[in-house]
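S.K.: Dropping a structure here in structure tokens format, bear with me for questions.
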Amino acid sequence: HPEQRDAEARRALIVSSDPLLQGGTFMVLRKLEQDVAGFHQWASAQPELAEQMMGRKHHGEPLGDPDFAGDEQGKKCPLHSHVRRANPRTPESKRRELTRRGMSYLEKGVRRGLMFLAYNADLGSQFEFVQRNWIARGDAARGFREDVDPIIGRGSAASRFDVFQG
């Protein structure tokens, strides 16, 4: 959790060390249109699968420990769930973390989705790396190389999402 880190560690994630930027930061703003009603309809028919795909219960509580402690095999929160792909919380992933926030939007009573905002010290090694490698290819998911993020990845009919039973 960002609030548990010291100020210097938080600052290093968002303030560029490039002398040309003079301590500046990069901000990413994405407007992601989503079929919210369609997803809720689908998820209501299979709520446990939807929770495992997201890595959170419907009301937002994480599946297991928020830092995935003691869940190295992904039995509580699947290794390739959205929250685990977007931030696997491993020692190697610390330098890739984003300071981010998402919020819902409703436009003209019809279009719905998510406004995503992230601050980065380095777009290439943080935001772009996470999108290209962890979301699109699953490199963070230890062995699910070709399967995309089940929530925001661009999947195909051949995409898989495996879950632990029982």
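S.K.: At 0.36 nm per residue, minus the direct Cα-Cα distance, what do residue 18 and residue 32 gain on full extension? Give it in nm, one decimal, please.
M.R.: Once the chain is fully extended between residue 18 and residue 32, it gains 2.0 nm.
S.K.: What number, in percent, do you get for the relative contact order of the range 1-117 if the mean sequence gap of Cα pairs under 8 Å and at least 6 apart is divided by its residue count?
M.R.: 31
S.K.: For a quick check of your reading of the filter: which GluC sites (Glu not before Pro) in the range 57-126 sit in a DSSP loop and have no more than 12 other Cβ atoms within 10 Å?
M.R.: Those satisfying the criteria are 72.
S.K.: Moving on. Place a label point 7 angstrom from the Cα of residue 107 along the Cα-to-Cβ direction, then list the residues of the range 29-50 whose backbone nitrogen is under 17 Å away.
M.R.: Once the point is set 7 Å along Cα→Cβ of residue 107, 29-37 turn out to lie under 17 Å by backbone N, inside the range 29-50.
S.K.: With the crude spin-label approximation of a point 7 Å out along Cα→Cβ, what separation in nm comes out for residue 99 versus residue 57?
M.R.: Between residue 99 and residue 57, the label points sit 3.1 nm apart.
S.K.: Then there's this: Which of the lysines could be linked to residue 31 by a straight reach, that is with a Cα gap under 23 Å, when you skip same-chain ones fewer than 8 residues away?
M.R.: By straight Cα distance, residue 31 reaches 108.
S.K.: Please report the accessible area of residue 75 (heavy atoms, 1.4 Å probe, ligands and nucleic acids excluded) in Å², nearest 10.
M.R.: Its accessible surface works out to 120 Å², give or take rounding.
S.K.: Now, a different point. How large is Rg/Rh for the range 51-143, to two decimals, with Cα atoms and a Kirkwood Rh?
M.R.: Checking Rg against Rh, the ratio lands at 1.00.
S.K.: Hey, any idea what % of the range 59-120's accessible area is carbon plus sulfur with a 1.4 Å probe?
M.R.: Using a 1.4 Å probe with all protein chains present, the range 59-120 comes out at 53 percent carbon and sulfur.
S.K.: Before I look further, what does the range 19-154 give for accessible area per residue, probe 1.4 Å, in whole square angstrom?
M.R.: 61
The values are calculated or read from the model by the stated rules, or taken from the named source; none is laboratory data. The model shown is predicted, which means the values in this text are computed figures rather than measured ones. Glycine gets a Cβ as well: all are built from the backbone with ideal geometry, and neighbour counts include every protein chain shown. To get the accessible areas, we keep the full protein, side chains included, count just its heavy atoms, and leave off ligands, DNA and RNA. Shrake-Rupley method; radii C 1.70, N 1.55, O 1.52, S 1.80 Å.
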